[in-house]
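Okay, handing you the structure first.
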Amino acid sequence: MRNKKVDKRIVLTGGGTTGHVSVNLALIPKLLDLGYEIYYMGSKDRIERELVEPIENVTYIPISTGKLRRFFSWENFIDVFKVIAGSIQSIWHIFKIRPNIVFSKGGFVSVPVLVGAKLNGVPSITHESDLTPGLANKLVQPIVKEVLTTFPDTVDYIKSGKGEYLGPVIRDGLKNGDANRARQRYGMDDKPVILVMGGSLGARALNNLIRESLGELTKKYNVVHSCGKEEYDATIDNDSYYQFEYINEGLNDVLALADIVVSRAGSNAIFEFLYYKKPMLLIPLPTSQSRGDQIDNAKSFENQGFALMKMEEDLTSPILIETIVQMMNDREKYQEKLEKVNFDDSLSVLIEKIEKYKKN
């Protein structure tokens with residue numbers, strides 16, 4: 001697997017959604033600058049492979065993965081064997097790579113990799129983005145050195161005592177957005193801009209709600225819509241509606257351009273909106289589709305005055321339109337709170353942690 005002598009090797013893992021990849025994307029350029037040989041262990045067909053495999057000087061290793069569910073499903077029995085297979089693959093790959101350290105961003109794909117690290121005597125650390133820890137990070141607490149958190153309150157939920165507050169990690173490529181550059185790229189007029197983000201996997205209910213409301217919204221606003229994989233609707237003909245399956249290139253410019261953001265409440269995404277000081281209408285995943293982590297995230301941001309939270313089941317097209325118009329009118333109120341937020345250089349602290357725990 002190796003064709004050259006390298007003093008520093010790292011295995012990164014995490015996936016399932018963009019949020020479980022974003023910190024790794026921020027880390028990769030810094031680690032390359034420090035001379036690390038980088039391997040990424042992820043699933044065979046999820047978003048992490050799409051985002052990471054094309055990156056130069058990073059070796060992507062697909063492994064078998066099974067989703068960890070908190071509810072009864074016959075798929076759980078099948079996925080147990082997938083997780084076991086992934087653990088065996090991870091043990092073997094990590095044995096061959098002999099990394100100095102493993103860093104995990106969480107998600108179900110990370111569990112077999114961290115097990116493989118432990119059984120090979122390789123130190124590991126993991127990162128938790130949400131206010132309350134996910135199942136994967138709960139399971140691996142006994143075998144990692146530290147659980148680094150985005151929210152300060154998350155440390156209280158980490159019963160192992162390994163929790164440490166890190167803060168949000170914003171990748172360099174997402175900084176320095178230029179609103180004028182985005183407006184010119186899309187040939188957009190000077191109406192205010194609503195950015196709609198459904199997450200990397202999309203949000204069909206949110207997408208449908210936005211599209212039902214387009215007739216009214218686009219009278220006053222431009223709508224930029226990241227609708228998710230396979231959710232693009234080519235039948236819509238509206239000069240003030242700009243839709244994409246996923247915004248990668250130029251996302252920093254789009255964030256700079258937006259006047260408000262309508263979004264799910266995944267932690268990495270909402271901290272990116274916070275970095276650009278954008279008022280947010282957060283519509284978290286309902287508990288029928290999640291463990292409720294997005295509801296916790298949204299409540300935290302609402303309580304701090306950064307956002308307004310609305311539950312999906314309470315929204316209709318007229319209510320959505322009314323809420324957006326009201327938020328546009330109240331932008332100064334939100335802006336006052338948002339302007340008080342400062343971002344520390346969490347990425348440098350994370351690099352220091354990796355350097356601290358790596359095995360020589």
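The values are calculated or read from the model by the stated rules, or taken from the named source; none is laboratory data. These figures come from a predicted structure and were not determined experimentally. Cβ coordinates were reconstructed from backbone atoms using ideal geometry, including for glycine residues, and neighbour counts include every protein chain displayed.
Please verify whether N176 is assigned to a loop (DSSP other than H, G, I, E, B), within 25 Å of the chain's Cα centre (by Cα) and over 23 Å from K105 (Cα atoms), treating the condition exactly as stated.
yes
On to the next question. Check segment 242-250 and report whether any residue there is within 26 Å of Q326 (Cβ to Cβ) and touching a Phe, Trp or Tyr at 6+ places or on another chain (Cβ under 7 Å).
yes
Can you report the number of residues in segment 292-326 which are in contact with a Pro (Cβ under 6 Å, 6 or more places away or on another chain), surrounded by 17 or more Cβ atoms within 10 Å (Cβ to Cβ), closer than 16 Å to V262 by Cβ and not small (G, A, S)?
Within segment 292-326, residues that are in contact with a Pro (Cβ under 6 Å, 6 or more places away or on another chain), surrounded by 17 or more Cβ atoms within 10 Å (Cβ to Cβ), closer than 16 Å to V262 by Cβ and not small (G, A, S) number 1.
From the list A85, A117, exactly one residue is outside the structural domain of S267 (by TED's automatic domain parsing), modelled with pLDDT of 95 or more, farther than 24 Å from A265 by Cα and over 20 Å from the mean Cα position of the chain (by Cα). Which is it?
A117
Also: Which one is farthest from T132 (Cα to Cα) among residues in segment 154-173 that are among the β-branched types (V, I, T) and outside any loop (DSSP other than H, G, I, E, B)?
Of everything passing the filter in segment 154-173, V155 is farthest from T132 (Cα to Cα).
Any residue at all in segment 161-183 that's without any contact (Cβ under 8 Å) to a residue 40 or more places away in the chain and surrounded by 20 or more Cβ atoms within 10 Å (Cβ to Cβ)?
yes
Can you pull out every residue in segment 253-271 that is closer than 20 Å to E332 by Cβ and in contact with a strand residue (DSSP E or B) (Cβ under 9 Å, 6 or more places away or on another chain)?
Once the filter is applied, which keeps residues that are closer than 20 Å to E332 by Cβ and in contact with a strand residue (DSSP E or B) (Cβ under 9 Å, 6 or more places away or on another chain), segment 253-271 yields L255, L257, A258, D259, I260, V261, V262.
Among the residues of segment 240-264, what is the count of those that are within 20 Å of T150 (Cβ to Cβ) and out of contact with any Lys or Arg (no Cβ under 9 Å at 6 or more places or on another chain)? Reasoning before the result, please.
Residues of segment 240-264 within 20 Å of T150 (Cβ to Cβ): 251-252, 255, 261, 263-264.
Applying the additional criterion that residues be out of contact with any Lys or Arg (no Cβ under 9 Å at 6 or more places or on another chain) yields 251, 263-264.
Counting residues in segment 240-264 that are within 20 Å of T150 (Cβ to Cβ) and out of contact with any Lys or Arg (no Cβ under 9 Å at 6 or more places or on another chain) gives 3.
Does V169 meet the test of being aliphatic (A, V, I, L, M) and either within 17 Å of the chain's Cα centre (by Cα) or more than 19 Å from T13 (Cβ to Cβ) (or both)? Step through it out loud before you land on a result.
Numbers: aliphatic (A, V, I, L, M): yes; either within 17 Å of the chain's Cα centre (by Cα) or more than 19 Å from T13 (Cβ to Cβ) (or both): yes.
Answer is yes for this residue.
Continuing with this model, one more query. Just to check your reading of the model, which residue among P99, P133 is touching a Ser or Thr at 6+ places or on another chain (Cβ under 9 Å) and over 29 Å from A258 (Cα atoms)? Steps first, please.
Details: P99 fails: touching a Ser or Thr at 6+ places or on another chain (Cβ under 9 Å).
Step by step, each of P99, P133 is checked, and only P133 is touching a Ser or Thr at 6+ places or on another chain (Cβ under 9 Å) and over 29 Å from A258 (Cα atoms).
Look through segment 327-357, keep the residues that are among the polar types (S, T, N, Q) and in a helix (DSSP H, G or I), and return whichever of them is surrounded by the fewest Cβ atoms within 10 Å (Cβ to Cβ).
N329
For the condition outside the structural domain of G266 (by TED's automatic domain parsing) and modelled with pLDDT of 95 or more, what is the one hit in K96, K138?
K96
Additional query: Take the residues in segment 38-56 that are in a helix (DSSP H, G or I) and out of contact with any helix residue (DSSP H, G or I) (no Cβ under 9 Å at 6 or more places or on another chain); name whichever of them is modelled with the lowest pLDDT.
E50
Right, next: Restricting to segment 114-153, what's the tally of residues that are of a type outside the set (A, V, I, L, M), surrounded by fewer than 22 Cβ atoms within 10 Å (Cβ to Cβ) and assigned to a helix (DSSP H, G or I)?
6
Now for a different question. Would you check which residues across segment 140-160 are farther than 23 Å from A265 by Cα and either without any contact (Cβ under 8 Å) to a residue 60 or more places away in the chain or not basic (K, R) (or both) and list them? Reasoning before the result, please.
Start the filter on segment 140-160 by keeping residues that are farther than 23 Å from A265 by Cα, which leaves 140-146, 159-160.
If the condition is that a residue be farther than 23 Å from A265 by Cα and either without any contact (Cβ under 8 Å) to a residue 60 or more places away in the chain or not basic (K, R) (or both), then V140, Q141, P142, I143, V144, E146, K159, S160 are the ones that fit.
Of everything in segment 242-267, what is within 20 Å of E312 (Cα to Cα) and under 17 Å from the mean Cα position of the chain (by Cα)? Give them in sequence order.
V261, V262, S263, R264, A265, G266, S267
Looking at segment 304-317, is at least one residue in contact with a strand residue (DSSP E or B) (Cβ under 6 Å, 6 or more places away or on another chain), modelled with pLDDT of 95 or more and among the aromatic types (F, W, Y)?
In the first step, residues of segment 304-317 are kept if they are in contact with a strand residue (DSSP E or B) (Cβ under 6 Å, 6 or more places away or on another chain); the result is 307-309.
Going one step further and asking which of them are modelled with pLDDT of 95 or more, we end up with 307-309.
Then drop every residue that is not among the aromatic types (F, W, Y), which leaves none.
No; the residues of segment 304-317 include none that is in contact with a strand residue (DSSP E or B) (Cβ under 6 Å, 6 or more places away or on another chain), modelled with pLDDT of 95 or more and among the aromatic types (F, W, Y).
I would also like to ask the following. If you take just the helices (runs of 4 or more DSSP H) that sit entirely in segment 193-284, which of them hold at least 2 residues that are without any contact (Cβ under 8 Å) to a residue 24 or more places away in the chain and either in the same structural domain as T323 (by TED's automatic domain parsing) or of a type outside the set (G, A, S) (or both)?
Here the list reads 204-220.
Among the residues of segment 90-113, how many are among the aromatic types (F, W, Y) and buried (at least 24 other Cβ atoms within 10 Å of the Cβ)?
Going through segment 90-113 one residue at a time, the tally reaches 2.
If L320 satisfies all but one of (1) closer than 15 Å to A205 by Cβ; (2) free of Cβ contacts under 8 Å to residues at least 40 places away in the same chain, what's the number of the condition it fails?
(2)
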